[in-house]
Structures are given as structure tokens and as C-alpha cells.
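Only one structure is covered here, and it is reproduced in the block below.
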Amino acid sequence: MPFAAETAMPEPFLSDMVRALAAAPHSLSPKYFYDEQGSRLFDRICELPEYYPTRCEMSVLRACAPDIARHIGCDAEIVEYGAGSLHKIRPILDALDGPARYLPIDISGEHLGASARALQEAYPEEVLVIPIVGDYTEDLALPACPPRVKRRIGFFPGSTLGNMHPAEALRFLRMLRGQLRGGALLLGVDLIKDPAILHAAYNDSQGVTAAFNLNVLARANRELGTDFDLDAYAHCAFYNAPEHRVEMHLMCRRPQEIHLDGRCFRMSQGDTLHTENSYKFTIGGLRTLASEAGFVPATVWTDPDRMFSLHWLEA
Ligand code: AVJ
């Protein structure tokens, strides 16, 4: 029964939103972007001309798939953290010569279920797809490996690591190392580059990133019964060079009262809800971070323009 995805624990969206509104500076985890609507908007972001990370990472994955497949070997189990639409595993599956088990973990259950079914149909022989609905930032108990599986390979593409503060990233990598011991982690991270390129990637001309950012308020209205006036908030994204990160905020354009859980919260004009950090890395900086987490950094693959990097980290 590969598609009886395990039911996720209810997420603490309500308590996190209350906390975000109660204390300044207001900030909310970017994981709340990814409901059905948000996951669809994110897929559209990945197609935008300005949003280079997905394209660059896919080009590295395609170009280096044979070498990556050699690193993985056969009879491996691949666990993808925050798997989304399951596009990125395809070049790897195409290049693998032995059978594999593939465990995509994602918080958006329906999106994952549909993507997992499509992938399983496309690779009926080559791979067994076992979707897991859950929050991969928590130390989920993964199903035990069958005896045939030699080692577990983590796959964490998309520079999602960049959503975490450095201390949090270190803690998360340590947890992954615990899950992958004896195997390896294939980690994709975005690289520091011309701030104009970074700025454009998060301020696209079609406004899809703005819609993605604002969707978290729409989601709160739908799921928590808040009364955010979406029109009163502006998408705001910029590169914070000293911190090496792109920040996304929702900026309040006029004074607001927000009702939630029997309480009333106020936001003034110019106040922001900080919705995401997207840290950018140097290759050396990432390797140092990985070493601190207990990994042994090995091969690095990049595109010719060094926009994006994929790291093979022995666990
Ligand atoms: C999927 C978290 C890597 O930070 O670039 C895209 C999400 N936010 N546009 C990123 C995102 C705005 C993306 N990550």
C-alpha cells in the first residue's frame, strides 16, 4: 500500500500565528507557505524567468546525474526532505542502474500524494515510491530499511536549508547526519552572487512571488478565521548583504486590526511580518557548516556560472 501516506500531526499554525502577531518583530515560519495553493504558487515560481535556482539546480542534476548515480550506488534508499512536486529526483532515477526505494517527505499531503502516484507510474520497475506526509524538520521515525537496502541517502535540494538561521541549519544537519549515518547527504544550496540577480529572483515582474507571500495571510483567513485585509499588505523582498540572506516580509500599508482566537492584534503602517529568510552560501562556507554537523564533505557539483551548488556529504 505505497500510497496510504501516514497522517501528519496537526501543525501549530494557530499558536505560531498568535505568537507572530503578539510580539514584535513579527515573524512566522516559511513552512506555512506550503498549503495546496502555496505549493501550486511555488511551482509557478520555479518556472519564472527571474527565479534561476530551480533551473540551475536542475541543469546541474541533469549534467551530473551519471556521477551522482555512481555516488549513490545500487540498492540504496533515497529520503527526500521537503519533496514538493518530485521533479528533482527524476534525473537521478534515470541514471541509477539498480533498483531503489524513494521516500519523499512533504508537509502538503494531497500535493505529495498526487506527485507520488505520477512518479510511481513513470518508474514502475526502477523505484518503489513511499510518500511520507509530515514535517521533516522534526526527527521523524522513518520506516525501517528492508535488509536489501545497503544505505540511506538523504536528498535535500532547492536550497531549503537556506530557510534556516545558521544555528538552526547546524542543528538540522546534525539531525540528518543521525538519520543517514553510514550513508550520505546530497544537499543543494544557492550561492552568493550579484545582489541584482538575487533581488530580481524574489521580485518577479508577474507578481507570482508576491502572491506566494500574501497567500500565507489568505491561508490564515481560511484556516484560522483571521480577518487579514490582503490589500493592506505589500510584498517586500530584499537582499540583506551582511547577513547573506534574502528576506521576505509582508509590509503593512495602513494601520490594521487583526482578530484571532478571541484576541485583537494591531499592526501599524510600516510594520512587517517577516515571512522568510533565504540564506545564500559560499562553497567553502557550506563545507565548513557540514563538517561542524559531523559530515565529511566530498564532491561538489556546480553549473558553469556558479549560480547553484550540489554537495555530496558523507554521513
Ligand atoms: C524553496 C525555500 C528555497 O528561498 O528561494 C521562492 C522559496 N521564496 N521564492 C527560496 C521561495 C520565494 C525558496 N526555497
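Odds and ends about this structure:
- Whether the range 245-303 is rounded, prolate or oblate, judged on the alpha carbon gyration tensor where a/c under 1.5 counts as rounded: prolate
- Rounded to the nearest 20, the size of the Cβ-charge dipole of the range 116-251 about its Cα centre is 920 debye, with Lys and Arg at +1 and Asp and Glu at -1.
- Relative contact order of the range 97-193, defined on C-alpha pairs under 8 angstrom at six or more residues apart (%): 27 percent
- Which of Glu276, Glu50 has the fewest Cβ neighbours within 10 Å, and the rest in rising order: Glu50, Glu276
- Cβ charges +1 (Lys, Arg) and -1 (Asp, Glu), total dipole of the range 79-141, debye: 120 debye
- For the range 157-194 and the range 293-315, distance of Cα centres in Å: 11 Å
- Whole-Å distance, taken between Cα centres, linking the range 66-93 and the range 22-43: 27 Å
- Helix 283-292 and the longest principal axis of the Cα set of the chain meet at an angle near 80°.
- Equivalent ellipsoid semi-axes - Cα gyration tensor, the range 203-315, angstrom: 37, 16, 13
- In degrees, nearest ten, helix 52-72 long axis to first principal axis of the chain (Cα): 20 degrees
- The relative contact order of the chain comes to 21 percent, based on Cα pairs under 8 Å that sit 6 or more residues apart.
- Note on Ala298 and Glu257: the extension gain reaches 9.6 nm, defined as 0.36 nm multiplied by sequence separation minus the Cα-Cα distance.
- Column: log10 I(q)/I(0), Debye, Cα scatterers of the chain, q = 0.08, 0.10, 0.11, 0.16 Å⁻¹: -0.36, -0.57, -0.69, -1.42
- In the chain, the DSSP beta bridges split such that about 60 percent are antiparallel, to the nearest 5.
- Helix 208-224 axis, angle to the chain major axis (alpha carbon atoms, nearest 10°): 70 degrees
- Cα gyration tensor shape of the range 276-315, rounded if a/c is under 1.5, else prolate or oblate by comparing a/b with b/c: oblate
- At q = 0.16, 0.19, 0.22 Å⁻¹, base-10 log of I(q)/I(0) for the range 137-268 (Debye sum, equal scatterers on each alpha carbon): -1.00, -1.12, -1.24
- Charges were assigned to the Cβ only: +1 to each Lys and Arg, -1 to each Asp and Glu. The resulting dipole of the chain about its Cα centre is roughly 660 debye.
- Relative frequency of Cα-Cα separations exceeding 20 Å in the range 45-170, percent: 46 percent
- Charge dipole of the chain about the Cα centre (unit charges at C-beta), most positive-ward option of Leu198, Leu289, Leu161: Leu289
- Placing unit charges on the Cβ atoms of the charged side chains and taking the dipole of the chain about its Cα centre, the candidate lying farthest along the positive direction among Pro104, Asn221, Leu142 is Leu142.
Here, each number is a calculation from the coordinates, and none is a lab measurement. The structure presented is a predicted model; accordingly, all values stated were derived computationally and were not measured. Note that we place each Cβ from the backbone using ideal geometry, even for glycine, and neighbour counts take in every protein chain shown.
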